[in-house]
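K.L.:
Questions regarding the structure given below will be posed in turn.
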Amino acid sequence: MEPKYIFVTGGVVSSLGKGIISSSLARLLLSRGFRVTIQKFDPYLNIDPGTLNPYEHGECYVTADGHEADLDLGHYERFTDIKTSKSNSITTGRIYQSVIDKERRGDYLGKTVQIIPHITDEIKRNIVMLGETGDFDFVITEIGGTVGDIESTPFLEAVRQLKWELGKRAVSLHLTYVPYLKAAKELKTKPTQHSVKQLQAIGIQPNILILRTEKEIPDAMREKVARFCNVPAEAVLQSVDASSIYHVPSMMHSQHLDELVLDLTGTEHRNEPDHNAWNKFLRLLDGARDEVSIGLVGKYVELQDAYKSINESLIQAAAYCGRKLNLVYINSEKVCGTDMCGMLSDLDGVIIAPGFGKRGIEGKLSAIRWCRENNIPTFGICLGMQCMVIEFARNVLGMPDANSTEMDPLTPDNVIDLMESQKGVTEKGGTMRLGAYDCRLAEGSTARKAYGAEMVRERHRHRYEFNSEYRTRFEDAGLRCVGENPETGLVEVVEIPALRWFVGTQYHPEYQSTVLHPNPLFMSFINAAIEHRERN
Ligand code: GLN
C-alpha cells in the first residue's frame with residue numbers, strides 16, 4: 001500500500017501534547033497491524049536540540065543511531081517501541097543547512113535561492129523521505145510550534161502543498177485548546193475557531209480537530225465547533241486531562257480516531273486493534289495502591305520535562321512492580337551541607353541524575369555519600385555514575401581532591417577524564433559519544449542479573465569516562481567495574497556489591513524503556529527500593 005501521511009499541527013498555545021496525540025494515533029494504527037513511523041519537525045534554527053539548555057526545551061533525547069533529538073521522540077518510542085533515528089527529527093536549522101550546502105555546491109546554479117520554493121521543497125523532501133523507503137503504511141508528521149508563529153510558516157506551506165499533491169493520502173489533524181473560564185463557569189471555543197481560521201488562511205483545511213480541555217465538551221459545543229470550522233462533528237474529538245498520558249490511546253480509540261484516519265485515507269479496516277498488552281499495563285498502573293518513593297537528585301528539577309525519560313521509566317517500572325510512583329525532586333544545588341538524613345531518609349531509592357558542568361555537583365556528592373553509608377538503593381546515570389566514582393575516591397580511597405576533569409581540569413586525581421576520542425574536539429554540536437554501544441556485563445553482577453544477559457546495548461551521551469588507571473584501586477576497595485565496552489574497554493557500569501543496590505551506568509537506560517518493554521535495570525532498581533521500604 002502507498003504510504004499515507006498524517007500531519008499534526010497545534011493551535012492556541014504550545015504544550016497541548018501534540019507528541020502524545022501523535023504517539024497515541026501511532027499506537028492505535030500499530031495495534032491494527034499497520035507499519036507506522038512518526039517524525040517531528042521543529043521550527044528552530046539549531047541543527048538539533050543537543051546544544052539547547054534543558055530549561056529551554058526540556059530533555060535532549062538520544063536515538064539509537066546517535067542523534068540528539070526532541071523529547072517527543074522519547075514519547076514516540078515509549079508508546080510504540082519503534083526505533084527512531086536521525087530522519088525522525090528535523091529542524092529548520094537542518095533544512096537551511098542542507099539548502100545552503102546545495103547552493104554552495106552549485107546545485108541551484110543560476111537560480112535565486114528562496115524560501116519558496118527551495119526551503120519548502122527541502123521540507124517536503126524530508127517529510128516524504130521515510131514514506132518513500134517503502135517500510136511504512138503511515139507516516140505521522142508532527143509540526144512543532146503553534147499555528148500563527150512566523151517560524152512555522154514554511155512548514156505549513158509545505159504541508160499545504162503536500163496535502164494538495166497527495167489528495168486522499170494526506171490527513172490534517174489539528175490540536176487546539178478549549179479553555180474553561182472558572183468565573184463564568186464556561187468552556188470557550190473562540191480560540192479554537194480563530195486557530196482553525198488561521199490554518200485555513202494558510203490554505204489548510206483540517207480534517208480532524210482534537211480539542212484539549214479540562215472539562216468534558218458537550219455535544220452541542222462539538223457541533224458548534226464543527227459548523228464554524230468546516231469539519232464534520234464526528235471528526236471533532238476531545239482530549240480531556242487524563243490521570244496518565246498512557247490513557248490517551250484508549251481515549252482516542254473510544255472516539256474512533258483510528259477509524260476516522262482509515263476512512264479519510266481510504267484504507268481498509270484490517271483487524272480490530274489488539275490492546276491486550278497495553279491494557280494490562282494500564283490495569284497495573286491504575287490498580288497500584290502502595291507507593292514507592294524515589295528521590296531524583298539533579299539541578300534541573302524545577303522543570304518537569306528536563307528528566308522526562310527518567311520519570312517515565314520510573315513510572316513504567318513502578319507500575320509493573322505493582323506500585324504507585326512517588327517521585328521526589330531534590331535540587332542538587334540546595335542539598336549541599338544540609339541535613340541529608342532529613343531529606344533522604346524517607347526515600348526508598350535515589351537516582352543521581354545525568355548532567356553537565358559544575359553546578360550542583362557537591363550536592364550530588366553529599367547525597368551519594370549519605371546513600372552509600374546508609375545502604376539506600378542508589379542509581380547513578382551518566383554524570384550520576386561519574387559522581388559515584390568521585391565520591392568513592394574522595395571518601396573511601398582517601399583522595400580528597402579527586403574529580404572529573406570536566407569540573408576541575410587540574411585535579412590531582414582525575415578519576416573521571418575526557419575520553420581520548422574527545423581530545424581536540426572543539427565543536428559542541430553532535431560531537432559527544434552518542435547513541436547505542438555494546439556493553440559486556442560481568443558474571444554475578446546486579447546489572448547482569450537485572451538484564452538476564454551478558455551483552456546489552458544502551459544509548460550514550462557523554463564526553464568523559466571512568467579513568468581505567470585507577471581501576472584496581474577502586475576494585476580492591478569494593479567498587480567494581482562490572483560493565484565494559486567489548487571493543488574499547490570503556491567502563492560502562494560500576495557497582496558496590498557489598499551494598500544492597502548501588503549501580504552507576506555511563507549509559508542512559510532511560511532512553512530505551514517503553515510501556516511494553518520497561519528497562520530491566522529500572523525494574524531491578526524499583527524492586528530493590530520496594531524491598532528496602534518493606535524492610536524498614
Ligand atoms: N557531563 C558528563 C560527560 O560529558 C556526563 C554527561 C551526561 O550526564 N549525559 O561525560
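The values are calculated or read from the model by the stated rules, or taken from the named source; none is laboratory data. Keep in mind the model is a prediction, meaning the values are calculated, not measured. So basically every Cβ, Gly included, is an ideal-geometry build from the backbone, and we count neighbours across all protein chains shown. These accessible areas exclude ligands, DNA and RNA; they are computed on the full protein's heavy atoms, side chains included. Shrake-Rupley method; radii C 1.70, N 1.55, O 1.52, S 1.80 Å.
K.L.:
Mind ordering 344-353, 79-88 by average Cβ neighbours within 10 Å, highest first? Walk me through the numbers before you get to the answer.
P.N.:
Details: 344-353: 22.9, 79-88: 20.0.
Per-residue Cβ counts within 10 Å, averaged per peptide and sorted highest first, yield 344-353, 79-88.
K.L.:
With the contact rule set at Cα under 8 Å and sequence spacing of 6 or more, what percent relative contact order holds for the chain?
P.N.:
Numbers: 1100 pairs, mean separation 81.6, N = 536.
Reported as a whole number, the value is 15 percent.
K.L.:
For the pairs K18/K358; K86/K197; K215/K299; K308/K358; K18/K188, note any where the Cα-Cα span goes beyond 25 Å.
P.N.:
Details: K18/K358 35 Å; K86/K197 34 Å; K215/K299 35 Å; K308/K358 22 Å; K18/K188 20 Å.
Result: K18/K358; K86/K197; K215/K299 exceed 25 Å.
K.L.:
State the answer as a single residue: which of P497, P518, A447 lies farthest towards the positive end of the charge dipole of the stretch 416-536, with beta carbon charges of +1 for Lys and Arg and -1 for Asp and Glu, about the Cα centre.
P.N.:
In the stretch 416-536, that residue is P518.
K.L.:
Ordered by packing density, taken as the mean number of other Cβ atoms within 10 Å over each peptide's residues, highest first, how do 12-19, 204-211, 294-301 rank? Write down the numbers at each step before the final one.
P.N.:
Values: 12-19: 18.1, 204-211: 22.2, 294-301: 24.2.
My ranking of the peptides, most packed first, is 294-301, 204-211, 12-19.
K.L.:
Normalised by the residues of the stretch 312-401, what does the relative contact order come to in percent, with Cα pairs under 8 Å and at least six apart?
P.N.:
Details: 97 pairs, mean separation 23.5, N = 90.
Answer for the stretch 312-401 is 26 percent.
K.L.:
Please state the relative contact order of the stretch 91-250 as a whole percent: Cα pairs under 8 Å, 6+ residues apart? All intermediate terms of the calculation are to be shown ahead of the outcome.
P.N.:
Details: 171 pairs, mean separation 25.1, N = 160.
This gives 16 percent for the stretch 91-250.
K.L.:
Calculate the spin-label point distance for H194 paired with M1, positioning each point 7 Å from the Cα along the beta-carbon direction, and give it in nanometres.
P.N.:
3.9
K.L.:
Quick check: at a probe of 1.4 Å, how many percent of the accessible area of the stretch 196-248 sits on carbon and sulfur atoms? Walk me through the numbers before you get to the answer.
P.N.:
Details: 1230 of 2470 Å².
Answer for the stretch 196-248: carbon and sulfur cover 50 percent of the accessible area.
K.L.:
Sequence-distant or interchain residues sharing an amide H contact under 5 Å with M419, placed H: which?
P.N.:
Amide H neighbours of M419: Y464, E465.
K.L.:
Using θ = phi - 60° and the Karplus form 6.51 cos²θ - 1.76 cosθ + 1.60, what ³J(HN,Hα) does each residue of the stretch 39-56 get, whole Hz, x for Gly and Pro?
P.N.:
Residue by residue, the stretch 39-56 yields 9, 10, 10, 9, x, 9, 8, 4, 5, 8, x, x, 8, 8, 5, x, 5, 7 Hz.
K.L.:
Can you tell me what share of the DSSP beta bridges in the chain is antiparallel? A percent to the nearest 5 is fine. The partial results should precede the final answer.
P.N.:
Working: 25 of 75 bridges.
So the antiparallel bridges in the chain amount to around 35 percent.
K.L.:
Let me ask another. Could you sort the peptides 438-447, 525-534 by per-residue average Cβ neighbour count (10 Å cutoff), highest mean leading? Could you put the intermediate results ahead of the total?
P.N.:
Working: 438-447: 17.9, 525-534: 20.8.
Final packing ranking: 525-534, 438-447.
K.L.:
Net charge within 12 Å of G435 by Cβ-Cβ distance, Lys/Arg positive one each and Asp/Glu negative one each, not counting G435 itself? Intermediate results must be reported in sequence, preceding the final value.
P.N.:
Working: positive: K83, K86, R433, R457, R459, R461; negative: D65, E68, D438, E458.
Residues near G435 contribute +2 overall.
K.L.:
Using alpha carbons only, how many angstrom separate the centre of the stretch 483-525 from the centre of the stretch 40-107?
P.N.:
26
K.L.:
Kindly state, to the nearest 0.05, the FRET efficiency for K324 paired with N276, given R0 = 22 Å and r defined as their beta-carbon distance.
P.N.:
Numbers: r = 23 Å, r/R0 = 1.03.
It comes to 0.45.
K.L.:
Take the Cα of L516, step 7 Å along the line toward its Cβ, and report every residue of the stretch 241-281 whose backbone nitrogen sits under 15 Å from that point.
P.N.:
Within reach of a label on L516: 249-250, 271-281.
K.L.:
In addition: Dipole of the stretch 236-338 (Lys/Arg Cβ +1, Asp/Glu Cβ -1, origin at the Cα centre): which of I330, V248, S309 lies farthest to the positive side?
P.N.:
Positive-most Cα among the choices belongs to I330.
K.L.:
Pop the C-beta distance of A477 and N331 into the FRET formula with R0 = 25 Å and round what comes out to the nearest 0.05. Show your work: numbers first, answer last.
P.N.:
Numbers: r = 31 Å, r/R0 = 1.22.
That pair, A477 with N331, gives E of 0.25.
K.L.:
Sticking with this structure for a sec: May I ask you to derive the FRET efficiency for D286 and L109 from their Cβ-Cβ distance with R0 = 56 Å, giving the value to the nearest 0.05? All intermediate terms of the calculation are to be shown ahead of the outcome.
P.N.:
Details: r = 62 Å, r/R0 = 1.10.
With a Förster radius of 56 Å, E is 0.35.
K.L.:
Taking the Cα centre of the chain as the origin, how large is its charge dipole in debye, to the nearest 20, when only Lys and Arg (+1) and Asp and Glu (-1) carry charge on their Cβ atoms? List each step's numbers first, then the result.
P.N.:
Working: 61 positive and 72 negative charges, 223 e Å.
Approximately 1080 debye in magnitude.
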